[in-house]
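The values are calculated or read from the model by the stated rules, or taken from the named source; none is laboratory data. All values reported here derive from a predicted model rather than from experimental measurement. Here the Cβ is made from the backbone with ideal geometry for all residues, glycine too, and neighbour counts use every protein chain on show.
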Amino acid sequence: MASRPIELILAKQWADLLGRPALLIATGGEHLSHNEAAHALLAAAFHRDGGEARHDWDQRILMVDEQGELTLFETAVGRALSSGLPEHGTYTLKNTPSQPRVRVSALPVHSLSQDLLGVLVVMHEEPA
């Protein structure tokens with residue numbers, strides 16, 4: 001396994017401490033990791049240890065908003081990966097048993113030299 005930049009390692013450690021579902025995604029769309037809360041919410045979408053290329057997993061998380069059905073990369077996550085700026089959105093997770101409504105915040109992870117390394121995605125389930 002290739003070594004990761006310290007910023008991604010620290011983002012993963014921080015995500016592991018959150019009580020909210022969180023995913024760490026590299027700039028190319030590789031799923032690097034997710035925390036326990038994300039595993040509980042999206043268990044069918046990921047291999048347990050991460051490391052999947054985008055084409056292997058992006059169709060497994062389908063969301064719905066006012067514009068219709070979207071893959072994860074057509075949401076705030078894709079916008080944050082493109083712009084390098086924080087993005088937010090509210091969606092319904094379509095391919096999960098409970099189909100919860102979630103608020104998604106995609107927070108870019110930059111290196112000290114301001115290179116975009118990935119995005120930390122934090123989800124908050126809205127009450128039914």
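Number of residues in region 43-77 that are out of contact with any helix residue (DSSP H, G or I) (no Cβ under 6 Å at 6 or more places or on another chain), at pLDDT below 80, of a type in the set (A, V, I, L, M, F, W, C) and surrounded by 16 or more Cβ atoms within 10 Å (Cβ to Cβ): the value is 2.
At negative phi, assigned to a loop (DSSP other than H, G, I, E, B) and of a type outside the set (A, V, I, L, M): does that describe Ser82? I'd like the intermediate steps shown before the answer.
On the way: at negative phi: yes; assigned to a loop (DSSP other than H, G, I, E, B): no; of a type outside the set (A, V, I, L, M): yes.
The answer is no for Ser82.
Looking across region 84-115 at every residue that is hydroxyl-bearing (Ser, Thr, Tyr) and in contact (Cβ under 8 Å) with a residue 12 or more places away in the chain, the one that is surrounded by the most Cβ atoms within 10 Å (Cβ to Cβ) is identified as Tyr91. Taken together, the residues in region 15-35 that are in a helix (DSSP H, G or I) and surrounded by 13 or more Cβ atoms within 10 Å (Cβ to Cβ) amount to 2.
Apart from one condition, Leu120 fits all of (1) at positive phi; (2) part of a strand (DSSP E or B); the exception is (1).
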